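Working notes, structure below.
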Amino acid sequence: MVSSVLDISPERWQVSPELELLLRVLALGGLGIVTGLALLGHRVIQTIGEDLIDLEPSSGFCAELATAATVLAASAVGLPVSTSHALVGAVFGVGWVKTGNIRNIRLDTVRNIALTWLVTLPAARRSPLSCFCCSPNSSPRAAKLEPPAPGSPKRDCQG
């Protein structure tokens, strides 16, 4: 996504078909993942592995196997899926089967996870928009996804 934003030219208003994935973009993504895991990974593990249900090694293996099967099946038919979402669903399913009663699953944790997913959608929408707006090839009209008027001067995000 970021490579696409950096490649857009105000003259074309489209991404070139021979777009190359920039190494700095890959490095930035990897750094973000590593930083997120280092700072908040323990909370994610605690929420999924302890707060949702009490996972034992065998039920954790079942949840991981179900997640892998779900992601592989979805990828085979071309559906984009989140491994985190699939894992939470698998842990929920394992907990339901293991206890035989949905009331034994901590539904307040499920609610918190669902609310977090809902907050993620607008945040994910704003991230690429801010990258695009701060790109050297962008303009205020570009942030509104409107092509510039013919003959209009090139402007940056500051106006």
| Residues (of a type in the set (A, V, I, L, M), in contact with a helix residue (DSSP H, G or I) (Cβ under 9 Å, 6 or more places away or on another chain), part of a helix (DSSP H, G or I) and closer than 21 Å to Phe92 by Cβ) located in the stretch 31-68 | Val44, Ile48, Leu52, Ala63, Leu65, Ala66, Ala68
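Would you mention how many residues in the stretch 69-87 are out of contact with any helix residue (DSSP H, G or I) (no Cβ under 6 Å at 6 or more places or on another chain) and under 18 Å from Trp117 (Cα atoms)?
Taking the stretch 69-87 first, the residues out of contact with any helix residue (DSSP H, G or I) (no Cβ under 6 Å at 6 or more places or on another chain) are 69, 72-80, 82, 84-85.
Now narrow it down to the ones that are under 18 Å from Trp117 (Cα atoms): 80, 82, 84-85.
Total meeting the criteria: 4.
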| note | Here the qualifying pairs (Cβ atoms under 8 Å; residues six or more apart or on different chains; first in the stretch 101-122 and free of Cβ contacts under 8 Å to residues at least 60 places away in the same chain and within 20 Å of Gly49 (Cβ to Cβ); second among the aliphatic types (A, V, I, L, M) and surrounded by 10 or more Cβ atoms within 10 Å (Cβ to Cβ)) come out as Asn104/Ile53; Ile105/Leu52; Ile105/Ile53; Arg106/Leu52; Arg106/Ile53; Val110/Leu52
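Touching a residue at least 12 places away in the same chain (Cβ under 8 Å) and over 15 Å from the mean Cα position of the chain (by Cα): does that describe Ala66? Walk me through it before giving the result.
Values: touching a residue at least 12 places away in the same chain (Cβ under 8 Å): yes; over 15 Å from the mean Cα position of the chain (by Cα): yes.
So Ala66 fits the description; yes.
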| query | Going through the stretch 74-111 one residue at a time, which ones are under 20 Å from the mean Cα position of the chain (by Cα), surrounded by 12 or more Cβ atoms within 10 Å (Cβ to Cβ) and small (Gly, Ala, Ser)? | reply | Ala74, Ser82, Ser84, Ala86, Gly89, Ala90
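No lab work stands behind these numbers, since they all come straight from the coordinates. Remember, it's a predicted structure, so these values are computed and weren't measured experimentally. Counting neighbours? That spans all protein chains shown, and the Cβs are built from the backbone with ideal geometry, glycine included.
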